[in-house]
Structures are given as C-alpha cells and as structure tokens.
1. Among the residues of segment 124-142, count how many are more than 17 Å from residue 109 (Cβ to Cβ) and among the acidic types (Asp, Glu).
2. Hey, which of the helices (runs of 4 or more DSSP H) in segment 158-275, taking only ones fully inside, have at least 3 residues that are surrounded by fewer than 17 Cβ atoms within 10 Å (Cβ to Cβ) and either aromatic (Phe, Trp, Tyr) or modelled with pLDDT under 85 (or both)?
3. Would a scan of segment 210-223 turn up a residue that is more than 27 Å from residue 38 (Cβ to Cβ) and among the aromatic types (Phe, Trp, Tyr)?
4. Of the residues that sit in segment 229-257 and are in contact (Cβ under 8 Å) with a residue 12 or more places away in the chain and of a type in the set (Val, Ile, Thr), which one is nearest to residue 28 (Cα to Cα)?
5. So, residue 168, is that one more than 29 Å from residue 222 (Cβ to Cβ) and among the β-branched types (Val, Ile, Thr) or not?
6. Can you pull out the residues in segment 20-41 that are of a type in the set (Gly, Ala, Ser) and at pLDDT below 85?
7. Is it the case that segment 11-19 has a residue that's surrounded by 17 or more Cβ atoms within 10 Å (Cβ to Cβ), touching a helix residue (DSSP H, G or I) at 6+ places or on another chain (Cβ under 9 Å), at pLDDT 90 or above and not in a helix (DSSP H, G or I)?
8. Which condition from (1) at pLDDT below 85; (2) in a helix (DSSP H, G or I) is the one that residue 302 breaks?
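The values are calculated or read from the model by the stated rules, or taken from the named source; none is laboratory data. From a predicted model like this one, the values you see are computed outputs, not experimental measurements. We place every Cβ from the backbone using ideal geometry, glycine too, and count neighbours over all the protein chains shown.
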Amino acid sequence: MIKVLSKYDIDKLKAYVDKETILQWEGMLNRQNAEDKIIIANTGLFSSGKSSLFNALLDQTDVERFPVGAIPTTKKGDRERLNEHVEIVDTPGIDASAEDDEAALNMLIQADLIIMTHNVKMGMLNKSEFEWLRGIAERIPGDELKRRLMFVCTWMDALPVLEDLEKVKEEIRRQIEMAVGQEIAFLQVSAKRYCLAKKKNNPQLQTASNIPLLKEYLKNWIEQYEKIMKQERKKELHILCQVSERQLQVRQKKLEQEYENRKSQIDKKYLPVIRIWKSKWENFMERRRDINDMLEKLRQEDLTDDYDIFKRKIKGI
C-alpha cells in the first residue's frame, strides 16, 4: 500500500498550500482508506442523465439504485458497487449551490475516472458546463487528464434527425477540446432506450443505445488501469509531493521576507537606542575593569588597611 500524508498532517498543511493541493491529498488519502478500490464518478448539470446512466450500467431497469427526477436528488454522492473492485459515485449536479459544487469537486478529485455527462437535448454546452470542464482540467495534470476524464452525451434518441445529432456532437467535441486542451474519450448513449430494450428483451435496441459500448469501454479501461494503478498512484504521489514542496518553498521565502522586513523596521526604530545603551554598557564594563585592576594591585601589595578602605569607598559609589 502506498503511504500518503495522514489527516493530521493534511490539516497542518492547509495553512501553507493552496486548496486544490489539499483536495488532491485528501483524495489520495480516501482512496488509500478505500483499500485501493477503483472509483468512477459522474458529473454534470441536474437532469443531464447522470443517475439514469449509472442505473443503466447496473442494469437497474425496474428499481432505481440511483434516484432520478426533475428536482435535485443527489446531495452527498450516492455510491454503488459496479463489481468487487469498482465503486461508482453519483455526485451532486453542478451549478446548483456553492456547497454542492464544492462537494462534487471533492468527490471528483478523489475519483480514478470522471464521466462528464451532457443532455444533448440542450444542444451545446452552456457556460457552467464549459467552466466546470475547465476547472477539472486545471486540477488534473495534462498527461493524466486523457486517462481520467471522459465525456458522455445522453438522450441521443431525443434528436431524431441524424444530421442534427452529428452537428451538435461535433460542436460539443470542439467545446470540450477548447475547455480541456486536448481530445478525450467521447460517447453518445441513450439510457432510456437501453432500459426499454432490456424490458422488451430486444438485443438490437440495446446495441443501438450504445450502453453496451460504454460498458465495454469501462471494462477495458478498468482492466488496463488495474495493471498500472499502483504505478499511476505512485506517480501521482510523486507529482503531488513536488507541487507541495514548491508551494512550501514559496511560502518559506515569503515568511523569510516578512521576517527581514519586520526586523528592518524594528532595527530602524530601536537601533539608535540600542547603540546608546551599548555604549553605556561598554563604558561601565571599562570602569569596572579599571577598578578591579586597582583592587587587585592593592591586594598584591598587601596594603590591607588601604585595601579595605578602598573597597568601602567603592561600595559607596
């Protein structure tokens, strides 16, 4: 098991590094506590098809394992097991409240794979979705982003004209690349069509929903990721340590500069006084040495009476 910072250490680190770095440390700690389970999390606007998509992946056509509705239902992130080693997390819809957005971001940073969903009935990505994608990309190193982020267009059956669907899809692809700076895995699915096909036991309709294609993609992704998971997490830990070290060095230099500035202010204000008292102290020590020399001379000359008289005089000074 890869050892990361403890919760105590992370809490102490909060005073010195930025919020995104702390989120990454907390994500790594949570994954370690989860006994190296693979976590797949979704994200998207309310009613973007996030919950329906995960229900389809679990083949839940009668009982919803993830609540679906027109009003916000996912608050703290519902979790289910996709299999023994994989957990899927349905995160709060984005752009609902600052608190929910913060909760969603925390869960996403902890995930090994992020599935961003978009309801194709809405057409192109709106500003909130675009900025959300950009925010995710800013928090994941570029070489990891392609592996850890994919995009799924839901409700593809809502655009009956294939030409319209292709036009919208290509425009969304362009927006994604603008937001994250590179191409990422992209699929279009219909969870509604898949559930209907399951109930009617229609294999062709199931295939047309593209849910089996998504399942195959996830299966291959999981198999590949399991092989490299330890190496990837070691790499992630190494990068995170470097980022934290750089931020700590910047913080250290800032504190050193603040110390020097404060010291300079104090010196400017009190140095003249210090110099005066230092001069007085040096004069006093010089007189003390002279007196001690005189006492020692008298003692050596065995002038007892004069010596005692001189000592009394000195004490009277």
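1. 1
2. Where helices (runs of 4 or more DSSP H) fall fully within segment 158-275 and carry at least 3 residues being surrounded by fewer than 17 Cβ atoms within 10 Å (Cβ to Cβ) and either aromatic (Phe, Trp, Tyr) or modelled with pLDDT under 85 (or both), they are 162-180.
3. Looking through segment 210-223, none of the residues is more than 27 Å from residue 38 (Cβ to Cβ) and among the aromatic types (Phe, Trp, Tyr).
4. For segment 229-257, the residue satisfying everything is 239.
5. Numbers: more than 29 Å from residue 222 (Cβ to Cβ): yes; among the β-branched types (Val, Ile, Thr): yes.
Yes, satisfied.
6. So in segment 20-41, the residues of a type in the set (Gly, Ala, Ser) come out as 27, 34, 41.
Passing the criteria: 27, 34.
7. Taking segment 11-19 as the starting set, the residues that turn out to be surrounded by 17 or more Cβ atoms within 10 Å (Cβ to Cβ) are 17.
If we keep only those that are touching a helix residue (DSSP H, G or I) at 6+ places or on another chain (Cβ under 9 Å) as well, we get 17.
From what is left, the residues that are at pLDDT 90 or above are 17.
When the remaining residues are screened for being not in a helix (DSSP H, G or I), the result is 17.
Yes; the residues of segment 11-19 include at least one that is surrounded by 17 or more Cβ atoms within 10 Å (Cβ to Cβ), touching a helix residue (DSSP H, G or I) at 6+ places or on another chain (Cβ under 9 Å), at pLDDT 90 or above and not in a helix (DSSP H, G or I).
8. (2)
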